[in-house]
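Any read-out appearing in this document is the output of simple, stated calculations on the displayed coordinates, not a laboratory observation. Just so it is clear, the structure is predicted and the values come from calculations on it, not from any experiment. FYI the Cβ positions are ideal-geometry reconstructions off the backbone, even for glycines, and counts take in every protein chain you see.
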Amino acid sequence: MEIALEEARAAGDRGEVPIGAVVVVDGEPVARSGNRTRELNDITAHAEIVAIRMASDRLGQERLVGADLYVTLEPCTMCAAAISFARIRRLYYGAEDPKGGGVDNGVRFYAQPTCHHAPEVYSGFNETEAADMLRAFFSDRRDVP
Ligand SMILES: [Zn+2]
């Protein structure tokens, strides 16, 4: 989760929404990323999606069976679905996202009958730090005309 927070910080420094994600296999981080939607002009370039793509590319496999994903904020519905499709084993996230989350809020993707693989979900890791980073980012933005 420390690496995910580092990626979140780096994303914030680049003017991206400060969210970071890491894919871990056998205790080793194989891919890490922050949000890159602005850099790539790609609305799907959320930290989780980019990290999953990098991990699949590096490992040369379509699915990430046995991999775990750490992310600083509760994944949105799109990312929750991608995590399911990638067959991620365990999802660890930091802060809950009542406004945009799709795991424990919103559509609760993994609880739907149309979801064919649900990771084990653990939450609340460094949640204060993760949430504070987002709050600071958005309050800075509001101050800018
Ligand atoms: Zn997302």
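Below is a table of values for the structure above.
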{"item": "Cα coordinate range in segment 57-132, projected on the principal axes (Å, largest first)", "result": "36, 29, 17"}
{"item": "Sorted peptide list for 130-142, 86-98, 26-38, 111-123, criterion being average Cβ within 10 angstrom, highest first", "result": "86-98, 26-38, 130-142, 111-123"}
{"item": "Kirkwood estimate for the chain, i.e. one over the average of 1/r between Cα atoms, Å", "result": "14.9 Å"}
{"item": "Helix runs (DSSP H) in the chain reaching 15 Å along axis by Cα, Kyte-Doolittle at least -1.0", "result": "2-13, 47-59, 127-143"}
{"item": "Sites ILE43 and ALA118, calculated FRET efficiency, Cβ-Cβ separation with R0 25 Å, nearest 0.05", "result": "0.50"}
{"item": "Computed lengthening from ARG90 to GLU129, 0.36 nm per intervening residue step minus Cα-Cα distance", "result": "11.9 nm"}
{"item": "Three-way shape label, segment 1-56, alpha-carbon gyration tensor, a/c 1.5", "result": "oblate"}
{"item": "Extension gain (nm, one decimal) between MET54 and ARG14, 0.36 nm per residue minus Cα-Cα", "result": "12.5 nm"}
{"item": "GNM result for the chain, Cα springs below 10 Å: residue of VAL50, VAL103, VAL65 fluctuating most strongly", "result": "VAL65"}
